[in-house]
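All remarks here apply to the structure that follows.
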Amino acid sequence: GEDVEQSLFLSVREGDSSVINCTYTDSSSTYLYWYKQEPGAGLQLLTYIFSNMDMKQDQRLTVLLNKKDKHLSLRIADTQTGDSAIYFCAWGTNAGKSTFGDGTTLTVKP
Amino acid sequence: EAEVAQSPRYKITEKSQAVAFWCDPISGHATLYWYRQILGQGPELLVQFQDESVVDDSQLPKDRFSAERLKGVDSTLKIQPAELGDSAMYLCASSYTLSGANVLTFGAGSRLTVL
């Protein structure tokens, strides 16, 4: 979507770290989300961060938020072949509406 | 684990025909969404329901699309007549609140191909 920008593709080797970046335009967002979509399936929530936080860690996932630059990133440590998927960032409002980016396709090579 | 059910998974139709998609959200989820996902893009909100009421349908092409959630549970999205540009994945989601965050649970989607 035009309100959320993501790079289209990322390729990494198994065991390396992956960093997926996202920039958004809306200042009213309360939460920012990362979703994962595997082929032929719907989106699945990976993690989220409240807009007044800078960082959130959840096992292999680290989310960094730079609110001043409206930049969000997702770092996946020790990337596995099962992490190959499309990753969407999204921002949400208090009204419950979520706006999604166009996704980053992550390819993990053995 | 509770899931959002959608049917049909796949639908092929000719342009000008009518199509309908059905969604059964997770029990107890008051908010239901229909999103359209064109290949290579992110989901775009078509309509948001709170119980049986429409909260946001600003992006729904109302000349040909309609959505209803009569009893506040399951929902139907209809397209009549279908156009070539309607070919896409139609995703239904319902949401719950987790520590203040509005978390969407998506169904597997209904893939529409218009010939």
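The values are calculated or read from the model by the stated rules, or taken from the named source; none is laboratory data. What you see is a predicted model; the values in this text were computed from it and never measured. We place every Cβ from the backbone using ideal geometry, glycine too, and count neighbours over all the protein chains shown. Accessible surface areas use protein heavy atoms only, side chains included; no ligands, DNA or RNA. Shrake-Rupley method; radii C 1.70, N 1.55, O 1.52, S 1.80 Å.
The residue that is least open to solvent (accessible area, probe 1.4 Å), counting only those in the range B:40-75 that are small (Gly, Ala, Ser) and at positive phi, is B:Gly72.
Just a yes or no: is a residue in the range A:57-64 open to solvent by 30 Å² or more (accessible area, probe 1.4 Å), at negative phi, modelled with pLDDT under 95 and within 12 Å of another protein chain (Cβ to nearest Cβ)? No. Is it the case that B:Leu104 is within 20 Å of A:Gly92 (Cβ to Cβ), touching a residue at least 60 places away in the same chain (Cβ under 8 Å) and within 13 Å of the chain's Cα centre (by Cα)? Judged against the criteria, B:Leu104 is a match.
Evaluation of B:Lys11 against the conditions (1) away from every other protein chain (no Cβ under 11 Å); (2) open to solvent by less than 50 Å² (accessible area, probe 1.4 Å); (3) within 15 Å of the chain's Cα centre (by Cα); (4) under 13 Å from B:Ser87 (Cα atoms) shows that the sole unmet condition is (2). Within the range A:1-22, residues that are over 12 Å from A:Thr104 (Cα atoms) and touching a residue at least 12 places away in the same chain (Cβ under 8 Å) reach partners that are open to solvent by 80 Å² or more (accessible area, probe 1.4 Å) and part of a strand (DSSP E or B) with beta carbons closer than 9 Å, at six or more positions or on different chains, in the pairs A:Val12/A:Lys109; A:Arg13/A:Lys109; A:Glu14/A:Lys109; A:Ser17/A:Arg75. For the range B:81-115, the set of residues classified as at the interface with chain A (Cβ under 7 Å from one of its Cβ atoms) and either in a strand (DSSP E or B) or open to solvent by less than 10 Å² (accessible area, probe 1.4 Å) (or both) consists of B:Leu91, B:Ser95, B:Ala101, B:Asn102, B:Val103, B:Leu104, B:Phe106, B:Gly107, B:Gly109, listed by residue number.
Among the residues of the range B:14-42, how many are within 9 Å of chain A (Cβ to nearest Cβ) and of a type in the set (Lys, Arg)? Let's see the steps before the verdict.
The first filter runs over the range B:14-42 and keeps only residues within 9 Å of chain A (Cβ to nearest Cβ), leaving B:31, B:33, B:35, B:37, B:40-42.
Of the ones still in play, those that are also of a type in the set (Lys, Arg) are none.
The number of residues fulfilling the criteria is 0.
The set of residues in the range B:63-80 that are modelled with pLDDT of 95 or more and either in a loop (DSSP other than H, G, I, E, B) or in contact with a Cys (Cβ under 7 Å, 6 or more places away or on another chain) (or both) comprises B:Asp63, B:Arg64, B:Arg69, B:Asp74, B:Ser75, B:Gln80.
Residues are listed down the side, and each one gets a yes or a no for (1) touching a strand residue (DSSP E or B) at 6+ places or on another chain (Cβ under 9 Å); (2) among the aliphatic types (A, V, I, L, M); (3) within 22 Å of B:Ala88 (Cβ to Cβ); (4) buried (at least 20 other Cβ atoms within 10 Å of the Cβ):
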position	(1), (2), (3), (4)
A:Gly42	yes, no, yes, yes
A:Ser51	yes, no, no, no
A:Thr79	yes, no, no, yes
A:Ala85	yes, yes, yes, yes
A:Ala90	yes, yes, yes, yes
A:Thr107	yes, no, no, no
